[in-house]
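The values are calculated or read from the model by the stated rules, or taken from the named source; none is laboratory data. Source: prediction; values computed, not measured. Every residue, glycine as well, gets a Cβ built from its backbone with ideal geometry; the counts of neighbours run over all protein chains shown. Keep in mind that these areas ignore ligands, DNA and RNA; they rest on the heavy atoms of the full protein, side chains included. Shrake-Rupley method; radii C 1.70, N 1.55, O 1.52, S 1.80 Å.
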Amino acid sequence: MNVQLLISSGRGPKTVDLSEKKNQLILLVIMLVTVLLLLTSGYFLAKYLAPVNSGNGVDKWYTSLLKERKDIKQISERATNDINALALSIGKMEARSIRLDALGSRLATLAGLGEDEFDFTGTPAVGGPEDDISTVSSQLPDLLDRFTELQRQIDDRQNKFLLLE
């Protein structure tokens, strides 16, 4: 394959034969230098002529995201601590309730009252419609439900102690 370039100069057209290795090498070097010049000029144009604040939108978004993650972690830790404190408080209330039940049973026995009259072992009666057993979940009771139940128990025991007195 014979490729020829016609180059015009001041003295007339000149023919360059690209089938020669020397001319191919020169053309390859010229193309590489041109590509390198284009890449270098593009890099410097982007670096020095681009607006300085162009990346701030992403930076601000990323900083905001990190701050929100930190806030969520702190809120989660606080919620866990609050739940642990509530569980501890309910545990203490249950222990006191058990001691009060034992004391009430002893007082009822010392007073010569029947267990059917002052039953400190059963759960207190609650008014309202009875829950359908099929709708009751088999999951562990929620802390707030347990707290409400314990409050009812304490109110019932208080009424029984007032009657015993």
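For beta carbons closer than 7 Å, sequence separation of 6+ or different chains, a first residue in region 22-34 that is modelled with pLDDT of 90 or more and a second that is open to solvent by 90 Å² or more (accessible area, probe 1.4 Å) and not β-branched (Val, Ile, Thr), there are no qualifying pairs. Taken as a whole, region 73-86 holds at least one residue that is open to solvent by less than 60 Å² (accessible area, probe 1.4 Å), at pLDDT below 85, under 25 Å from the mean Cα position of the chain (by Cα) and within 30 Å of Leu143 (Cβ to Cβ). Quick one: would you say Thr148 is open to solvent by 100 Å² or more (accessible area, probe 1.4 Å) and modelled with pLDDT of 60 or more? Considered against the rule, which asks whether it is open to solvent by 100 Å² or more (accessible area, probe 1.4 Å) and modelled with pLDDT of 60 or more, Thr148 comes out as no.
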